[in-house]
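So the structure is just underneath, and the comments pick up after that.
The values are calculated or read from the model by the stated rules, or taken from the named source; none is laboratory data. Being a predicted model, the structure only gives us computed values, none of them experimental. When the accessible area is computed, the model is the full protein with side chains, heavy atoms only, and any ligands, DNA or RNA have been set aside. Shrake-Rupley method; radii C 1.70, N 1.55, O 1.52, S 1.80 Å.
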Amino acid sequence: HSDDVAEGDVISQDPVDGTLFRGDTVGLVVSRGPELVEVPNVRASGVDAAREELEALGFDVDTRKAPGYLGL
């Protein structure tokens, strides 16, 4: 997996360059794209509990109040 190389693009090859003969082997490392992770459902958990759970899993959390937020 790579966060920098798109899925399906070549990350590296071996040998890097040079002259080869027909039938010689060239090894390719192909990106699977960014590693996907499952995000837990924190709906109705409360802001502090949801933030704590998500941050414990390694997420960066940014909270914003929705229009019409009543502060409940």
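May I ask you to derive the relative contact order of the chain, considering only C-alpha pairs under 8 Å and at least 6 residues apart, and to give it as an integer percent?
On the way: 60 pairs, mean separation 21.3, N = 72.
Relative contact order of the chain: 30 percent.
Which cross-chain or sequence-distant (5 or more) residues have an amide H under 5 Å from the amide H of Val30, H modelled 1.01 Å from N in plane?
Answer set, sorted by chain and number: Ile11.
Counting each DSSP H run of 4 or more residues in the chain as -39500 (n - 2.57), what helix-only mean residue ellipticity at 222 nm follows after dividing by all residues, to the nearest 500 deg cm²/dmol?
Mean residue ellipticity, 222 nm, calculated: -4000 deg cm²/dmol.
Report ³J(HN,Hα) in whole Hz for each residue of segment 39-55, in order, from the Karplus equation J = 6.51 cos²θ - 1.76 cosθ + 1.60 where θ = phi - 60°; Gly and Pro get x.
Calculated HN-Hα couplings, in order: 9, x, 7, 10, 4, 6, 8, x, 4, 5, 5, 5, 4, 4, 5, 5, 5 Hz.
Where only protein heavy atoms count, and the probe is 1.4 Å, what is the accessible area per residue for the chain in Å²?
Accessible area per residue: 93 Å².
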